[in-house]
Amino acid sequence: MRTLILSVVGTLLALIVFALPVAAQESVTITLREQSGSGQSGTAVLTAVGNQTRVVVTLSNPPAGVAQPAHIHEGTCANLNPQPRYPLQSLMNGRSETVVDVPLSQLLAGQFAINVHKSQEEIKTYVACGEIRAQVTPMTGARGRRLPVWGVIAAGLAGLLFLTSGMALRRVWR
């Protein structure tokens, strides 16, 4: 009887630990692809900071001493809303860091792209663009989350059922 109680308590504790909600990805790396034959490509790393998002943009082959405006736009790189949704600090020497007033989860749930311009003078020339998308984790197949809570509970209950069935059969065969 003591074994059964310990098994049930252990199973319930495991269910509680594994069923705790896991936060969405805390950081996402976006690939910025070259546009307009610029020879510039790079990454944007988006990191959750509470209800805000830190955006660090890095591009290769930056023009010396030229500020390159960057923004988060609604849409895709192929179909970009020309009106920026969230302005970013202009890149200097191929790098920029900005904290935008929007949660990372909201950026991942929408359809947004990061766009870098050639310069303030040539603002209509895009040199790099990348679409903000959540990375799919191979282990879970979900956006940085573990199994759904119901899945963990069902697996735990199935395990508990097998455990108690085995213990009952053990008593019958004695």
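A few points about this structure:
- Options Gly144, Gly94, Gly130: the member that is modelled with pLDDT of 95 or more, at positive phi and in contact with a Ser or Thr (Cβ under 9 Å, 6 or more places away or on another chain): Gly94
- Residue selection: Gly10 fails the criterion of being more than 21 Å from Arg85 (Cα to Cα) and at pLDDT 55 or above.
- Leu163 in contact with a helix residue (DSSP H, G or I) (Cβ under 8 Å, 6 or more places away or on another chain), modelled with pLDDT under 65 and not β-branched (Val, Ile, Thr): yes
- Enumeration of residues in segment 72-93 that are under 20 Å from the mean Cα position of the chain (by Cα) and either within 12 Å of Ile132 (Cα to Cα) or of a type in the set (Ser, Thr, Tyr) (or both): Ile72, His73, Glu74, Gly75, Thr76, Cys77, Tyr86
The values are calculated or read from the model by the stated rules, or taken from the named source; none is laboratory data. For clarity, every value in this text was computed on a predicted model and none was experimentally measured. In this analysis, Cβ positions are derived from the backbone assuming ideal geometry, glycine residues included, and neighbour counts consider all displayed protein chains.
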